[in-house]
Amino acid sequence: MHHMTLAEIARGLADKKFSSVELTQTLLARIAQLDPQINSFISLTQDLALSQAKAADERRANGESAALLGAPIAHKDLFCTQGIRTSCGSKMLDNFKAPYDATVVAKLAAAGAVTLGKTNMDEFAMGSANESSWYGAVKNPWNLEHVPGGSSGGSAAAVAARLLPAATATDTGGSIRQPAAFTNLTGLKPTYGRVSRWGMIAYASSLDQGGPLARTAEDCAILLQGMAGFDPNDSTSIDEPVPDYSAGLNGSLQGLRIGVPKEYFSAGLDPRIAELIHNSIKELEKLGAVIKEISLPNMQHAIPAYYVIAPAEASSNLSRFDGVRFGYRCENPENLEDLYKRSRGEGFGSEVQRRIMVGAYALSAGYYDAYYLKAQKIRRLVKNDFMSAFNEVDIILGPTTPNPAWKLGAKSSDPVAAYLEDVYTITANLAGLPGLSMPAGFVDGLPVGVQLLAPYFQEGRLLNVAHQYQLNTDWHTRTPTGF
């Protein structure tokens, strides 16, 4: 059963080939057996999962048949879950049990999804390797000596290892798409505002967006259907109708205009990945797509702009973790200042401290105009580039990452090298656009992803293209040895 996709699980449950309780028990046993190798979970919720599975079976017995009813998933450990530890991968929140469910958690629970647990992640979603977690690094099922990507590496590794069919994740600068590329999955970052951020612990509020990680575009469509929608609790949620994503998967690609930015194929891109991307382009041409070279001239400025804006917002968001109200508190503080300093110094890891300091500096009185304001102007230029491009093409295609997954620890002493791995993904977050990564082949036995970007609220178009591609390729069906 562990090799089944969400879509196959929905059909199996509908045909009474197995029950949700049986499926849940099978996957919980598999997690107990295999997860010690990859460290993809922070918390398991066996009692909750079995209770939800039993309730789902009862609902099906009473005639309900929704796609997610009885389907096992997991949540990235920054989605608040009532009464369950929500740690954000940090010592700071190791003892925090959320008093409410995030909107995403509540919506999926209402749809009948079964929560198996909370997945490991880079601390406060800050990282591209899932090595900064207080609970230890996550390992890539395709090669246990390599990273799975971050910050949603736990969700990605768990799905790739067939511990469960799909998981929720978040993307601030590529944290859904990059782990998807590194672990041979399909991952979708929706349009900013499409999925509620209420109850999702913030890293950078103008960039964060929740989305699905799964093995296929079809499964991403099913999970996104349950996640998306307007939420009055989230002031950035957009009241836009949610289409039937599954119904749009089978549209023809005949005449689809695909833009390929010339800036994507620079010296920084591994030539073996470039070859796989060109192979993907040829495959889409066979399906009727029309390829056009385009330009995104301000892409070169995206990384410096992002690494001013994101840390600036992080420094503001993380100021609430002060040792006073909730979370970690140092022992025997001498005074209030000592309480603040030691609680934050002991509770936050080095990467989080680094970004808080960069952000506080960029927002300081003497440097706000020179750094933060300038970065926001570059953000507008990046958005304008995309708007101009989408006047000529329907989607944009390129590599998800410049390199395959690197070895654990290889970039730990050089954070800037890790930041540069986000070069193709961060522009979608700066502009608020939807983006998808899908499997496109392997380099040295490690998966490679191809990225698709679309205009606002065109997630259905991305899923349609990815689904048609996956009907004609088999990269997404490959399974890591031993799992």
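Could you check region 98-112 and list, in sequence order, the residues that are hydrophobic (A, V, I, L, M, F, W, C) and either in contact with a strand residue (DSSP E or B) (Cβ under 6 Å, 6 or more places away or on another chain) or open to solvent by 10 Å² or more (accessible area, probe 1.4 Å) (or both)? Before you say what the answer is, go through the steps one by one.
Within region 98-112, the subset hydrophobic (A, V, I, L, M, F, W, C) is 98, 102, 104-106, 108-111.
Within region 98-112, ALA102, VAL104, VAL105, ALA106, ALA109, ALA110, ALA111 qualify.
Within region 302-327, being of a type outside the set (Gly, Ala, Ser), in contact (Cβ under 8 Å) with a residue 40 or more places away in the chain and surrounded by fewer than 21 Cβ atoms within 10 Å (Cβ to Cβ) holds for ILE303, PRO304, ASN317, PHE326. Sort through ASP57, ASP47 and tell me the only one that's surrounded by fewer than 17 Cβ atoms within 10 Å (Cβ to Cβ) and farther than 24 Å from GLY210 by Cα. That would be ASP47, the only listed residue that is surrounded by fewer than 17 Cβ atoms within 10 Å (Cβ to Cβ) and farther than 24 Å from GLY210 by Cα.
Picking from THR86, THR81, THR103, which residue would you name as being free of Cβ contacts under 8 Å to residues at least 60 places away in the same chain and not basic (Lys, Arg)? Residue meeting the stated conditions: THR81. Here ASN95 clears all of (1) among the polar types (S, T, N, Q); (2) in contact (Cβ under 8 Å) with a residue 60 or more places away in the chain; (3) open to solvent by less than 20 Å² (accessible area, probe 1.4 Å) except the condition numbered (3).
Yes/no per residue for (1) modelled with pLDDT of 95 or more; (2) of a type outside the set (A, V, I, L, M, F, W, C); (3) closer than 25 Å to ALA217 by Cβ; (4) under 14 Å from the mean Cα position of the chain (by Cα):
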{"residue": "ASP101", "(1), (2), (3), (4)": "yes, yes, no, no"}
{"residue": "ALA110", "(1), (2), (3), (4)": "yes, no, yes, no"}
{"residue": "THR115", "(1), (2), (3), (4)": "yes, yes, yes, no"}
{"residue": "GLY127", "(1), (2), (3), (4)": "no, yes, no, yes"}
{"residue": "TRP134", "(1), (2), (3), (4)": "yes, no, no, no"}
{"residue": "PRO141", "(1), (2), (3), (4)": "yes, yes, yes, no"}
{"residue": "ALA157", "(1), (2), (3), (4)": "yes, no, yes, yes"}
{"residue": "ALA161", "(1), (2), (3), (4)": "yes, no, yes, no"}
{"residue": "LEU164", "(1), (2), (3), (4)": "yes, no, yes, no"}
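Among the candidates ASP47, ASP57, the residue that is assigned to a helix (DSSP H, G or I) and without any contact (Cβ under 8 Å) to a residue 12 or more places away in the chain is uniquely ASP47.
Taking region 33-44 as the range and being crowded, with 17+ Cβ neighbours inside 10 Å and in a helix (DSSP H, G or I) as the test, the residues that pass are LEU34, ASP35, ILE38. Going by the structure shown, is PRO333 assigned to a loop (DSSP other than H, G, I, E, B) and open to solvent by 10 Å² or more (accessible area, probe 1.4 Å)? For PRO333, the condition - assigned to a loop (DSSP other than H, G, I, E, B) and open to solvent by 10 Å² or more (accessible area, probe 1.4 Å) - is met.
For region 277-298, enumerate the residues that are within 23 Å of ASN403 (Cα to Cα) and either in contact with a Lys or Arg (Cβ under 8 Å, 6 or more places away or on another chain) or open to solvent by 20 Å² or more (accessible area, probe 1.4 Å) (or both).
The first filter runs over region 277-298 and keeps only residues within 23 Å of ASN403 (Cα to Cα), leaving 277-284, 293-298.
HIS278, ASN279, LYS282, GLU283, GLU293, ILE294, SER295, PRO297, ASN298 - these are the residues of region 277-298 that are within 23 Å of ASN403 (Cα to Cα) and either in contact with a Lys or Arg (Cβ under 8 Å, 6 or more places away or on another chain) or open to solvent by 20 Å² or more (accessible area, probe 1.4 Å) (or both).
Flag: ASN403 does not match the condition of being farther than 29 Å from SER133 by Cβ and open to solvent by 40 Å² or more (accessible area, probe 1.4 Å). Tell me, please, whether a residue that is open to solvent by 70 Å² or more (accessible area, probe 1.4 Å) and closer than 19 Å to GLN451 by Cα can be found in region 246-260. Yes, because at least one residue in region 246-260 is open to solvent by 70 Å² or more (accessible area, probe 1.4 Å) and closer than 19 Å to GLN451 by Cα.
Out of everything in region 385-400 that is under 19 Å from the mean Cα position of the chain (by Cα) and closer than 20 Å to THR172 by Cβ, what residue ends up being surrounded by the most Cβ atoms within 10 Å (Cβ to Cβ)? Spell out how you get there, then give the answer.
Taking region 385-400 as the starting set, the residues that turn out to be under 19 Å from the mean Cα position of the chain (by Cα) are 397-400.
After this cut, where a residue has to be closer than 20 Å to THR172 by Cβ as well, the list is 398-400.
Values: GLY398: 22, PRO399: 25, THR400: 29.
Among them, the one singled out is THR400.
Confirm whether TYR371 is in contact with a strand residue (DSSP E or B) (Cβ under 6 Å, 6 or more places away or on another chain) and of a type in the set (Phe, Trp, Tyr). Even if it seems obvious, please write down each step before you answer.
Numbers: in contact with a strand residue (DSSP E or B) (Cβ under 6 Å, 6 or more places away or on another chain): no; of a type in the set (Phe, Trp, Tyr): yes.
In short, no.
Residues that are touching a residue at least 40 places away in the same chain (Cβ under 8 Å), closer than 17 Å to GLY327 by Cβ and open to solvent by 40 Å² or more (accessible area, probe 1.4 Å) within region 345-381 comprise just one, GLU346.
Screening the candidates ASP414, ASP422 for the property of being closer than 14 Å to PRO179 by Cα and of a type in the set (Asp, Glu) yields one hit, ASP422.
Look through ASP474, ASP422, ASP414 and report the one residue that is of a type in the set (Asp, Glu), within 28 Å of GLU351 (Cβ to Cβ) and more than 18 Å from the chain's Cα centre (by Cα). If you could, list the steps in order and put the result at the bottom.
Details: ASP474 fails: within 28 Å of GLU351 (Cβ to Cβ); ASP422 fails: more than 18 Å from the chain's Cα centre (by Cα).
One residue alone meets the criteria, ASP414.
Being touching a His at 6+ places or on another chain (Cβ under 7 Å) and surrounded by 15 or more Cβ atoms within 10 Å (Cβ to Cβ) is the filter here; which residues of region 1-32 pass it? LEU27, ARG30, listed by residue number.
The values are calculated or read from the model by the stated rules, or taken from the named source; none is laboratory data. Since this is a predicted model, take the numbers as computed values, not measurements. Backbone-built Cβ (ideal geometry, glycine too); neighbour counts: all protein chains shown. Accessible surface is based on the protein model in full, side chains and every heavy atom, while ligands, DNA and RNA are left aside. Shrake-Rupley method; radii C 1.70, N 1.55, O 1.52, S 1.80 Å.
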